[in-house]
Amino acid sequence: MARLKADAAVQAIVTDRVYDFVPEDRPDNVEEGWPFPYATVGTIQIIPEHASGRYEGAEAHFTVDTWSRAAGFPEVKRLGDTVVAALHYADLDLDGHRLVDLEWQATHYLRDKDGLTSHGVHMFKVLTDLG
């Protein structure tokens with residue numbers, strides 16, 4: 001999240017709307033003025049790496065979701081491109097671990113069931129060790 005909030009290209013599109021948890025005061029109706037577009041940290045899966053019976057690091061998979069109510073997919077794709085550029089092969093400092101690799105794996109764009117919201121799901125893989 002810190003990387004996305006610090007990235008000028010991401011911020012040019014979403015200002016400060018990068019969330020781990022979308023605020024509860026968000027109205028469900030677009031006419032009520034909830035600001036789009038925005039990005040959220042999605043699912044996270046962590047798989048520990050063991051060598052010789054010891055914990056050595058982890059492989060993690062996570063998603064960043066992008067959301068837009070602009071017509072079609074152009075805005076959500078533009079936001080998705082900036083998210084991928086900010087994170088793919090990024091060199092991040094991690095507490096207690098050393099980042100070995102951070103790689104973009106895939107993106108899926110879809111229309112949400114409300115018929116109004118465009119949604120991007122951007123999948124990443126992270127490898128860490130204890131350094």
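None of the figures in this text is laboratory data; all of them are computed from the coordinates on show. On a predicted model such as this, the values are computed, not experimentally measured, just so you know. Quick reminder, even Gly has a Cβ in these numbers, built from the backbone with ideal geometry, and neighbours come from all protein chains shown.
Per DSSP helix of 4 or more residues, -39500 (n - 2.57); summed, then divided by the residues of the chain. What does that give at 222 nm, rounded to the nearest 500? Each step should come with its number before you reach the end.
Working: 3 runs with 26 residues, N = 131.
Computed ellipticity for the chain at 222 nm equals -5500 deg cm²/dmol.
Karplus-based coupling profile of the range 102-116, in residue order and whole Hz: 10, 10, 6, 9, 5, 9, 10, 9, 8, 9, 5, 5, 6, x, 10, with θ = phi - 60° in 6.51 cos²θ - 1.76 cosθ + 1.60 and x standing for Gly or Pro.
Annotation: amide H of His97 has no partner in the under-5 Å range at sequence separation 5 or more or interchain, hydrogens built in the peptide plane.
Counting other Cβ atoms within 10 Å of each Cβ, which chymotrypsin sites (Phe, Trp or Tyr not before Pro) in the range 21-129 have at most 16 and sit in a DSSP loop?
Working: sites: Phe21, Tyr38, Tyr55, Phe62, Trp67, Tyr89, Trp104, Tyr109, Phe124; in loops: Phe21, Tyr89.
The qualifying sites are Phe21, Tyr89.
In this label model, Glu56 and Lys5 are separated by 3.5 nm, measuring between points 7 Å along each Cα→Cβ vector. Within straight-line reach of Lys113, meaning a Cα separation under 22 Å, sit the following lysines at least 8 residues removed in sequence or on another chain: Lys77.
Around the amide H of Tyr19, modelled in the peptide plane, lie the amide H atoms of Ala39, Thr40, Val41, all under 5 Å away and 5 or more residues distant in sequence or on another chain. Extent of the range 39-94 along its three principal axes (Cα atoms, max minus min coordinate, largest first): 54, 21, 13 Å. Computed over all pairs of different Cα atoms, the Kirkwood value for the hydrodynamic radius of the chain is 15.8 Å. Between Ile44 and Asp95, the simple spin-label model (points 7 angstrom out along Cα→Cβ) gives 1.1 nm.
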